[in-house]
Amino acid sequence: MTISEATWQFVRQHASHDVGQLALRGSKDASVDLPMALQLIQGRQLAARKLPSWTAIDRLIYPPHLSLEQCSSEQTARYKAKITGALLAKGSNGKSSKLIDLTGGFGVDFSFMAHQFAEAVYVECQPELFSIVQQNLQLLFPPEAADAGAPRISCACTDGVDFLRQLEGHASLIFLAPARRNEHGGRTYSISDCTPDVLPLMDQLLQKADHVLLKLSPMLDWRKAVADVGSQHVEQVHIISVAGECKELLLLLSLHATTEKRLYCVNDDSTEVFTFNDISSSHEGVIATEAHVMPGAFLYEPNASLMKAGVFTELAQRYGVLPLAPNSHLFVSPLSVQAFPGRSFLITDVSTMNKQELKQKILPLKQANISVRNFPLSVPELRRKLKLADGGSHYLFATTLSSGDHVLLVCQKNPTPNS
């Protein structure tokens with residue numbers, strides 16, 4: 001893909017400008033490819049948030065919006081590099097390590113993971129996207145860096161499944177991130193509905209690589225995903241959240257998987273690790289009574305990855321907190337547990353849904369940040385009923401206690417929060 005110097009100059013001059021306004025104004029220089037320039041400016045602006053280290057590299061080409069929307073963030077890509085780096089350190093046997101990314105896409109995951117390997121192969125079937133990434137890789141892995149130990153990079157513009165079937169030799173790691181959109185652009189979540197469907201490929205994948213890393217939709221139930229691919233082959237499950245939003249589900253597989261299988265719940269810099277054998281499939285243990293839920297007690301809300309994992313019994317046991325109810329997914333304690341992985345609050349008042357109590361305890365708040373957990377009303381419905389504006393320093397949790405009573409917990413942020 002050839003981009004004129006005038007176009008690059010236009011991109012640099014207008015890097016922070018509004019793309020819509022630039023499209024209306026156009027360019028007085030006929031040698032500027034305006035549609036391409038606008039694509040690059042828009043891509044660079046999105047990358048500034050999603051891929052901050054890339055914006056320092058001049059002449060990187062950014063694809064149309066959809067490919068950028070679907071690609072990993074730098075934070076999650078670095079995490080995958082950390083996983084693969086640990087694998088290679090543990091399994092070093094003197095052989096040259098090799099990564100094959102069968103669903104290369106915009107190459108974000110590939111570019112960060114590749115640094116862990118001696119050789120890395122990028123595979124992508126879309127010719128236009130392939131051309132963009134192939135040029136970008138020359139900037140991300142310049143030839144002179146090979147002398148400093150950078151990986152040998154090769155690229156193949158072909159279907160990933162065809163590449164796998166024709167693959168000779170063995171890889172240290174095969175990475176796949178099946179596309180989660182169908183031919184109509186709609187989102188898909190089931191493993192078998194993604195492209196490619198990896199389930200019929202599992203035998204080939206496991207035979208041709210020491211490990212296989214699958215990136216799946218965060219909407220999937222991790223237990224079902226493990227069962228679908230074959231639990232005997234799963235070594236690790238990673239649920240990754242960024243800024244409180246669940247982003248990715250990763251499965252690490254091997255033909256000869258270890259018996260000690262682990263679940264990693266990652267939320268920014270916080271990681272909780274569980275072994276499969278220690279994870280309960282149903283709630284067990286002591287439940288909080290109404291006597292535990294009172295002003296002066298502390299309320300705990302697990303982070304997004306832990307919520308997704310459903311390891312509520314394990315959290316209660318690990319941190320000495322009591323679940324409010326089996327399905328409320330909130331915890332309470334008379335103590336401030338500073339290490340708890342999630343948000344913590346001080347309960348300042350408790351109200352039932354009795355009109356008189358609501359008038360006395362809730363309506364004077366005027367505004368509050370509302371969350372619902374195991375409650376018959378949605379946040380908008382409850383906000384309309386209570387006539388509360390959004391925001392402020394008060395946090396209102398609408399939930400159900402073990403007694404079945406619906407309550408509103410008025411809270412403030414824990415004055416001794418997690419470090």
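Sort through Asp221, Asp228, Asp203 and tell me the only one that's among the charged types (D, E, K, R) and surrounded by 16 or more Cβ atoms within 10 Å (Cβ to Cβ).
Within the list Asp221, Asp228, Asp203, the selection yields Asp228.
From the residues in the range 363-373 that are at pLDDT 95 or above and either touching a helix residue (DSSP H, G or I) at 6+ places or on another chain (Cβ under 6 Å) or in a loop (DSSP other than H, G, I, E, B) (or both), which one is surrounded by the most Cβ atoms within 10 Å (Cβ to Cβ)?
Ile370
May I ask you to list the residues in the range 231-247 that are open to solvent by less than 10 Å² (accessible area, probe 1.4 Å) and more than 21 Å from His170 (Cα to Cα)?
Residues satisfying the conditions are Val237, His238, Ile239, Ile240, Ser241.
Residues are listed down the side, and each one gets a yes or a no for (1) open to solvent by 30 Å² or more (accessible area, probe 1.4 Å); (2) part of a helix (DSSP H, G or I); (3) hydrophobic (A, V, I, L, M, F, W, C); (4) within 25 Å of Thr158 (Cα to Cα):
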| residue | (1), (2), (3), (4) |
| --- | --- |
| Leu24 | yes, yes, yes, no |
| Pro35 | yes, yes, no, no |
| Arg49 | yes, yes, no, no |
| Leu68 | no, yes, yes, yes |
| Tyr79 | yes, yes, no, no |
| Ala89 | yes, yes, yes, no |
| Thr103 | yes, no, no, yes |
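For the range 376-389, check the following and say yes or no: at least one residue is hydroxyl-bearing (Ser, Thr, Tyr), more than 13 Å from Glu301 (Cα to Cα), out of contact with any Pro (no Cβ under 8 Å at 6 or more places or on another chain) and not in a helix (DSSP H, G or I).
The answer is yes, given that some residue of the range 376-389 is hydroxyl-bearing (Ser, Thr, Tyr), more than 13 Å from Glu301 (Cα to Cα), out of contact with any Pro (no Cβ under 8 Å at 6 or more places or on another chain) and not in a helix (DSSP H, G or I).
Within the set of pairs 6+ apart or on separate chains, which have a first residue in the range 250-275 that is among the β-branched types (Val, Ile, Thr), a second that is surrounded by 22 or more Cβ atoms within 10 Å (Cβ to Cβ), and C-beta atoms under 6 Å apart?
Short answer, once both residue conditions are applied: Val266/Ile240; Val266/Ser305.
Find all pairs meeting these conditions: Cβ atoms under 7 angstrom apart; at least six residues apart or on different chains; first residue within the range 98-123 and touching a residue at least 24 places away in the same chain (Cβ under 8 Å) and aromatic (Phe, Trp, Tyr); second residue open to solvent by less than 10 Å² (accessible area, probe 1.4 Å) and assigned to a strand (DSSP E or B).
Phe110/Asp101; Phe110/Ala120; Phe110/Tyr122; Phe117/Leu99; Tyr122/Asp101
Looking at (1) open to solvent by 50 Å² or more (accessible area, probe 1.4 Å); (2) not in a strand (DSSP E or B), which is the only condition Ala288 fails?
Tallying (1) open to solvent by 50 Å² or more (accessible area, probe 1.4 Å); (2) not in a strand (DSSP E or B), Ala288 fails exactly one: (1).
I need the full set of residues from the range 324-351 which are of a type outside the set (A, V, I, L, M, F, W, C), under 29 Å from Arg384 (Cβ atoms) and in contact with a strand residue (DSSP E or B) (Cβ under 6 Å, 6 or more places away or on another chain), in order please.
Ser328, His329, Gly342, Arg343, Ser344, Thr348, Asp349, Ser351
The values are calculated or read from the model by the stated rules, or taken from the named source; none is laboratory data. Here the structure is a predicted model, which is why all the values come from computation and not from measurement. Cβ sites come from the backbone with ideal geometry, for glycine too, and all protein chains shown count toward neighbours. Surface accessibility is based on the protein's heavy atoms, side chains included, excluding ligands, DNA and RNA. Shrake-Rupley method; radii C 1.70, N 1.55, O 1.52, S 1.80 Å.
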